[in-house]
Structures are given as C-alpha cells and as structure tokens.
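The values are calculated or read from the model by the stated rules, or taken from the named source; none is laboratory data. All figures in this text were calculated on a predicted structure; none of them were measured in a lab. A quick note on method: Cβ atoms are made from the backbone with ideal geometry, for glycine too, and the neighbour counts reach across all protein chains shown.
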Amino acid sequence: MHIKLAIVDSDLVYLERFTSKISSLYKSEITIESFSSVDTFFSLASHKLFDILWIDESIEVPEEYQNSEMIVYMVQNNKINSVKGKQAISKYQNVNDIYKELIDYASKLEKNFKYEFANQKTETTNTIMVTGAAGGVGTSLYSTALAMKIVEEGKRVLHVDINNFSCMSYYSDEHNDLGLDETIKLIKNYIIKGDESDISSELRTMISNDHSGVDYIKPFKSLFKSFETKSADIKELIGKLVEIKEHDYIIVEKALKIERDELSDLSDLDRIVVVSDNSSKCENNLSSIVKAIEFFDSKKKSDDQPISRKMMVAYNKMKVPKTDKSLLKILSSHRELRGKDDSEIIIELKEKLNVEGLIW
C-alpha cells in the first residue's frame, strides 16, 4: 500500500528530521510533504493528492474541513488516542511505530483526500500553449519552469506534453502508469457511449501530481502513439480538461504547424508562448509563424480576437544578448546556462521568470 501524507507543524526542526527519516526508511511506501502553516497547505489542497493530513493539535483547522475523515491530529503524549473526535498519533515515538499507525488508519479510508476538494471548481480554466521556434531551444525546460512558477503564484496548473519529449521526466513519479494514450481513449469511449456524466472523476485518475504542486498527465508511451494521434483528438482532450474546471491554467506543450486547421485551433487558446534562442534559424521561423498568423487573422471575423495578440516570445538559451527589437511582445529573456543539469536549470529559470501579462 502506498500512501500520500501531508504534515502540518510549526516545528520546522521536527518537520525536517521526521520527513528525512521516514522518507529514507519507506521511500517506496510513502510520499510525504510538509507544511509549516495550515494556510499554505489549504491553498494547495485543491490540486495536491493526499490520503492523510497529519496536523498538530494546536493548529486550528478551517471550519469547513474539520469533519474531513482524512485529518489525523499530531499530539505529544502517546497516551492520547483522539482529539476532537479524530484519530491522534503521537509525534514523539519511534518512526516505525508512527508509520504503522498511519498505514493502519489509511487502510480504513474509502475516499481519497483529493475528492473531498473536488467540488472546489475554478471559475475559468485558461490555456497556454508553449511551442518552440525550432528544436533544441529548451521548450520542455521552459514550460516546466513556467508551470512551477505559476503554481508559486497560487494558481492550480496542469501540464500536458503533446510533443512526447522529456519534460515529464523532471516531475516525480507517482506510481501512475496512465498517460495520454489512455486519457484520449477514455474520452473517446465516453463520447461514443453518449454518457459523459462520470468523465470528470475518471479524468482525475489520469492526472499525476509533482511535489512542486504541478499536476501533469504522463505523455504517450511511444512516439508511434503520438504520431498516429489526430489534432482533433488533442483538441477534444484539452476541451474536456477545461470543462471539468479543476485547474486555473493548463499548459500545453506542442509543436506548431503552419497549417489552416492548426492555426484555427489556436483561436481556442488564451495565450501562446513561442520559445526562441535568438539564432537566425529561430528568428526566421518566428517571422514565418507571425506572417502566417497575421494572414490568418486578416481572414477572420472582425469580432474575433486576433491570434497575434495572444502571442508572446520567450528567449531562452541565448548565446548573445537580445536587442529590444522583436516581432512579438517579449515575455522573458535568459542567457544560456552551462555546467548545470536540467533540474538545476529549471529551478534557476523559474526564479528568473516574470509571468506578468501571461497570467491574470
């Protein structure tokens, strides 16, 4: 049995020691995250997946959550078995004993914590497409850093990689083997049956969660699967993910083709970020993209928002500084980072990103 545990305690020293100890002993049996305040936890609870919330008895739980079955109180006295009618577990005992008590309690639960928050819908789900002006510009690194940055702004984010590149390897594995293959198949089956009443709960089972707070759907299991998937299938997938209103933002990482059907699909997006490294190849490709979209906009109805107004460029992995001249509004500019692994680059990119004008 694998459980996902959230701990809330103002004692930072204890949090660090306990988290480190139990993670080293039961790495494959438990996923654990610690929070120093209840406000921080509940601001993330709607898009993180936990089985148990172990919270210090001195911390006040918001009234609307006090009856949750997933709450277990943390006490200092090992002779106290319950607090406020809830299970109590002493923090000052052997880690193995704490783990056993948590497992025993989790095995009695029939629900999962995420579903207790499932009715906390967002008013609007906005879609952001991230695409590269050329290959090798760090689109996957950039989109991952962007997803993490928006989460830090207090938003719920779902990251979907249509390209089947490696960005999802930067996220923690939640023992969920379901990916885009199964997700698209699920949607098709529901639509064929004409019964979409339970599609929301089914879609949630396809979504994994990273410790950074980013939700993600694992990519296609093979390049062949991604190649045989039609654009209409992807459009349908994103449409359903928007409909369930579980996230504030959905980041879709996808290659952009200068074709009429592809450009038409861009009309449904809220923002489009093109990643470029400022090379002549990228700038030439960017120029072609802008010209094609401006031509497409000129043929649209006057009351539709031009796609070109939704577009921004992010300069990444630049070898030379970027001038102020650009075909699109510049979202951010970053020099090439050397001597660091991808995880370190993502963190550094995240810290430098300015998402003003991209999210609202």
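Test residue 280 against the stated conditions and say whether it is modelled with pLDDT under 85 and small (Gly, Ala, Ser). Here the answer is no, as residue 280 does not meet what is asked.
The residues in region 53-98 that are more than 21 Å from residue 12 (Cα to Cα) and either in a loop (DSSP other than H, G, I, E, B) or hydrophobic (A, V, I, L, M, F, W, C) (or both) can be counted, and the count is 12. From the list 144, 125, the lone residue that is modelled with pLDDT of 65 or more, farther than 30 Å from residue 27 by Cα and of a type in the set (S, T, N, Q) is 125. Within region 233-262, the residues that satisfy the criterion of being touching a strand residue (DSSP E or B) at 6+ places or on another chain (Cβ under 8 Å) and farther than 23 Å from residue 192 by Cα are 246, 247, 248, 249, 250, 251, 252, 253, 254, 255, 256. Consider residue 209 carefully, then state whether it is within 20 Å of residue 146 (Cα to Cα), modelled with pLDDT under 80 and of a type in the set (S, T, N, Q). Yes; evaluated as a whole, the condition is true for this residue. Criterion first (modelled with pLDDT under 90 and part of a helix (DSSP H, G or I)) does residue 115 satisfy it? Considered against the rule, which asks whether it is modelled with pLDDT under 90 and part of a helix (DSSP H, G or I), residue 115 comes out as yes.
From the list 287, 302, 326, the lone residue that is of a type in the set (Ser, Thr, Tyr), at pLDDT 80 or above, over 25 Å from the mean Cα position of the chain (by Cα) and in the same structural domain as residue 240 (by TED's automatic domain parsing) is 287. If the condition is being under 28 Å from the mean Cα position of the chain (by Cα) and exposed (fewer than 13 other Cβ atoms within 10 Å of the Cβ), then region 8-19 contributes 12, 16, 17. If the condition is being among the β-branched types (Val, Ile, Thr), buried (at least 17 other Cβ atoms within 10 Å of the Cβ) and more than 21 Å from residue 307 (Cβ to Cβ), then region 327-360 contributes 345, 346.
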